[in-house]
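The values are calculated or read from the model by the stated rules, or taken from the named source; none is laboratory data. As the structure is a computational prediction, the values presented were derived from the model and not from experiment. FYI the Cβ positions are ideal-geometry reconstructions off the backbone, even for glycines, and counts take in every protein chain you see.
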Amino acid sequence: MNDKAIVTMSDEATIFLTDRVDLFAETRPDETALIDGKVTATWQTVASRMSDWANRLSASGAAPGTPIGLLTGNIFDGICSMLGILKCGAYPVFLPKHASQLALSAMVDDSGMETCLIDPALLFGLETDKVDSIPLITNKQLADWQEGHVFTRPDISPGANFNCVYSSGTTSRPKGILQSHQLRGAQIESGTLMGIEPGKVSILSTPLDSDTTIVGLVGALGNGAAIVLMEKFSPERFVELSNIYRTTHTIMVPVQYERILDSIAFTADPPESIEVSICTGAPLPIHRKGELAERWPGEILEVYGLTEGGATTLLSLKGQPEKHATVGMAFPGAELRIIDDGGVELSANQVGEIVGRDKHEMTGYTDEEAQSSVHWIASDGLRFLRTGDLGSLDEDGFLTVQGRKKDMLISGGFNVYPRDIEDVISRQETIRDVAVVGRPDERWGEVPIAFVVLKAPTDLSVLRDTVNAQLSKTQRVADVFAIDEVPRNAGGKADKVGLRRIATKEASNV
């Protein structure tokens, strides 16, 4: 990719997504904007539906700055209702459609929402009388509800909330992350730099409640590209849709790329129209980076970063093969440092917590208590966002991520990083997926336990011995368990809290 793809975002006036949709409805009304498997909608249709929702919500009293829940899959009405929320000055609170009732109830309380728009197929998913639940419905019903109401688009400041999205909660309870119109406008600019423009087609296959999807959505819609929405991901369907619609851009998490690479459909008919692909959400196994660089069409970029912002890196898998053990360098304009538990800055190649700063951080958390501990202040007075991730910077400024700070094991007094063990296990021919966690141990304090998804029947004791022969003494896994799937959130991160519970329970049954 051309170097201009990673230049610093501009300080010019904020780009508002809904203004862009209205602009494209005026200048290219009959061109395709959204495809969801059931609906193929033009820009004019999307803009009209967006305005209908804005009118409906405004008539119901939704004021600028109001949080409105959105519980939906990747469907046409889900996107248009989101745009309507934004146009009336409110902001969507994205609710995960696979979250438990307990988790959803906590998000409702935390966000302060009083209204939630719900895909009728998911009405069972939010059983609470704390909010007014409004199903996504037909244009006629929208028109009837807003009859006699005159909607006036409110002035929206760049710093106003664009959305609230909840963190993965893989190591703690989910936190509500508030992001501004200014931040999303910068991501529209970033989409331009990635070559997204009218005539291009982006395919989105991660859930709408994932920041990965929102980044891809605003980048495409904000630059006039068409979007193909996948309601449910499968590698075969991804390849099929990419070839039908000649998609040019995508953003996915590592496990999706791995499943596509392993599919017969990709081997038989790879989507050669793809120009730029982004892999984010979790680090890719090193050997898979090499395979992607060799087999995947177009440019493929690995992006490390948090939904909260602050620390973002970029690695070109085809342009920087010698750095595949890393996740790349900080974007120009951003700065990364590594600190120890005492907040002391570390030197090159020393492992510690990754902290970062840039101009595009979140506005903050909904939880003030969480907000109070999110920053580290350097000796020079600069404020950095703490990532909770462990890593190191090499002499060239490339970042290697070792995993979540809370995932690190201490075995026999030594720090053990699950990512190192996972890289070794994932190279075994019979392994499709792997996650390593720590289990309490009377002798060593903690020992590594591996959960694997197998491609073919495998003797787990032989696998354990083979892997341990390639690891240091402190890294050796105590047990290997075969499971059908590694539980992962929408961002592709393994649910290690749940896996640790299973590992501890298995030990107690011995």
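Return the pair list, or none, for Cβ contacts closer than 7 Å from residues in the range 216-234 that are of a type in the set (S, T, N, Q) to residues that are in a loop (DSSP other than H, G, I, E, B), at least 6 apart or on different chains.
Asn223/Ile196; Asn223/Glu197
Here is a check on your reading of the model: is Glu294 of a type in the set (Asp, Glu) and surrounded by fewer than 19 Cβ atoms within 10 Å (Cβ to Cβ)?
So Glu294 fits the description; yes.
Name the single residue, out of those in the range 255-273 being aliphatic (A, V, I, L, M) and under 13 Å from Ser205 (Cβ atoms), that is surrounded by the fewest Cβ atoms within 10 Å (Cβ to Cβ).
Here is the first cut: in the range 255-273, the residues aliphatic (A, V, I, L, M) are 255, 260-261, 264-265, 268.
Now restrict to residues that are under 13 Å from Ser205 (Cβ atoms): 255, 260.
On the way: Val255: 21, Ile260: 26.
In this case the residue turns out to be Val255.
Might you let me know whether the range 376-387 holds any residue that is within 25 Å of Gln320 (Cα to Cα) and part of a strand (DSSP E or B)?
Within the range 376-387, one or more residues are within 25 Å of Gln320 (Cα to Cα) and part of a strand (DSSP E or B).
Restricting attention to the range 439-470, which residues are touching a residue at least 60 places away in the same chain (Cβ under 8 Å) and of a type outside the set (D, E, K, R)?
Pro440
Suppose we filter the range 94-114 for residues that are among the aliphatic types (A, V, I, L, M), under 19 Å from Tyr365 (Cβ atoms) and part of a helix (DSSP H, G or I); how many remain?
Filtering the range 94-114 down to residues among the aliphatic types (A, V, I, L, M) leaves 95, 99, 102-104, 106-108, 113.
This time we only want the ones that are under 19 Å from Tyr365 (Cβ atoms), so: 95, 99, 103-104, 106-108, 113.
Then drop every residue that is not part of a helix (DSSP H, G or I), which leaves 103-104, 106-108.
Matching residues across the range 94-114 total 5.
Which one of these does Ile79 not meet: (1) buried (at least 24 other Cβ atoms within 10 Å of the Cβ); (2) assigned to a loop (DSSP other than H, G, I, E, B)?
Result: Ile79 passes all but (2).
Consider only pairs whose beta carbons are under 9 Å apart and that are at least six residues apart or on different chains; among these, list those whose first residue lies in the range 243-254 and is under 24 Å from Gly281 (Cβ atoms) and crowded, with 19+ Cβ neighbours inside 10 Å and whose second residue is modelled with pLDDT of 95 or more and basic (Lys, Arg).
As it stands, the answer is Thr247/Lys200; Thr248/Lys200; His249/Lys200, since those pairs meet every condition given.
Mind checking which residues of the range 328-344 are within 20 Å of Leu399 (Cβ to Cβ) and exposed (fewer than 15 other Cβ atoms within 10 Å of the Cβ)?
Going through the range 328-344, the residues within 20 Å of Leu399 (Cβ to Cβ) turn out to be 328-341, 343-344.
Those that are within 20 Å of Leu399 (Cβ to Cβ) and exposed (fewer than 15 other Cβ atoms within 10 Å of the Cβ): Pro332, Gly333, Asp340, Asp341, Gly343, Val344.
Any residue that is in contact with an Asp or Glu (Cβ under 6 Å, 6 or more places away or on another chain), under 22 Å from Ser411 (Cβ atoms) and surrounded by 21 or more Cβ atoms within 10 Å (Cβ to Cβ) - is there at least one of those in the range 440-456?
Scanning the range 440-456, I find at least one residue that is in contact with an Asp or Glu (Cβ under 6 Å, 6 or more places away or on another chain), under 22 Å from Ser411 (Cβ atoms) and surrounded by 21 or more Cβ atoms within 10 Å (Cβ to Cβ), so the answer is yes.
Could you tell me which residue of the range 356-400 is nearest to Pro174 (Cα to Cα), considering only residues that are charged (D, E, K, R) and touching a Gly at 6+ places or on another chain (Cβ under 8 Å)? Steps first, answer last, please.
Of all residues in the range 356-400, those charged (D, E, K, R) come to 357-359, 361, 367-369, 380, 383, 386, 389, 394-396.
Right, trim to touching a Gly at 6+ places or on another chain (Cβ under 8 Å) and you get 357-359, 361, 367, 389.
Values: Arg357: 22, Asp358: 23, Lys359: 24, Glu361: 18, Asp367: 10, Asp389: 16 Å.
Here the answer is Asp367.
Within the range 37-65, which residues are surrounded by fewer than 20 Cβ atoms within 10 Å (Cβ to Cβ), assigned to a loop (DSSP other than H, G, I, E, B) and either in contact with a strand residue (DSSP E or B) (Cβ under 8 Å, 6 or more places away or on another chain) or free of Cβ contacts under 8 Å to residues at least 60 places away in the same chain (or both)?
Those that are surrounded by fewer than 20 Cβ atoms within 10 Å (Cβ to Cβ), assigned to a loop (DSSP other than H, G, I, E, B) and either in contact with a strand residue (DSSP E or B) (Cβ under 8 Å, 6 or more places away or on another chain) or free of Cβ contacts under 8 Å to residues at least 60 places away in the same chain (or both): Gly37, Lys38, Val39, Ser60, Gly61, Ala63, Gly65.
Could you check the range 25-39 and list, in sequence order, the residues that are at pLDDT below 95 and polar (S, T, N, Q)? Steps first, please.
First, pick out the residues of the range 25-39 that are at pLDDT below 95: 36-39.
Within the range 25-39, none qualify.
Considering only the range 224-338, give the helices (runs of 4 or more DSSP H) lying wholly within it that have at least 3 residues that are within 18 Å of the chain's Cα centre (by Cα) and either on the phi < 0 side of the Ramachandran plot or modelled with pLDDT under 95 (or both). If you could, list the steps in order and put the result at the bottom.
Numbers: elements: 235-245, 254-261, 264-268, 286-295.
The helices (runs of 4 or more DSSP H) meeting that bar are 254-261.
Could you tell me which residue of the range 492-505 is nearest to the chain's Cα centre (by Cα), considering only residues that are without any contact (Cβ under 8 Å) to a residue 40 or more places away in the chain and farther than 27 Å from Tyr257 by Cβ?
Applying the first criterion (without any contact (Cβ under 8 Å) to a residue 40 or more places away in the chain) to the range 492-505 yields 498, 501, 505.
When the remaining residues are screened for being farther than 27 Å from Tyr257 by Cβ, the result is 501, 505.
Values: Arg501: 25, Lys505: 30 Å.
If we take residues in the range 492-505 being without any contact (Cβ under 8 Å) to a residue 40 or more places away in the chain and farther than 27 Å from Tyr257 by Cβ, then Arg501 is nearest to the chain's Cα centre (by Cα).
Name every residue in the range 192-211 that is surrounded by 24 or more Cβ atoms within 10 Å (Cβ to Cβ) and part of a helix (DSSP H, G or I), in order of residue number.
Matches in the range 192-211: Asp211 only.
Among the listed residues Ile410, Ile377, which satisfies the condition of being surrounded by fewer than 14 Cβ atoms within 10 Å (Cβ to Cβ), touching a residue at least 24 places away in the same chain (Cβ under 8 Å) and not basic (Lys, Arg)?
Values: Ile377 fails: touching a residue at least 24 places away in the same chain (Cβ under 8 Å).
Step by step, each of Ile410, Ile377 is checked, and only Ile410 is surrounded by fewer than 14 Cβ atoms within 10 Å (Cβ to Cβ), touching a residue at least 24 places away in the same chain (Cβ under 8 Å) and not basic (Lys, Arg).
Report yes if Glu353 is over 20 Å from the mean Cα position of the chain (by Cα), crowded, with 18+ Cβ neighbours inside 10 Å and without any contact (Cβ under 8 Å) to a residue 60 or more places away in the chain, otherwise no. Even if it seems obvious, please write down each step before you answer.
Numbers: over 20 Å from the mean Cα position of the chain (by Cα): yes; crowded, with 18+ Cβ neighbours inside 10 Å: yes; without any contact (Cβ under 8 Å) to a residue 60 or more places away in the chain: yes.
So Glu353 passes the test.
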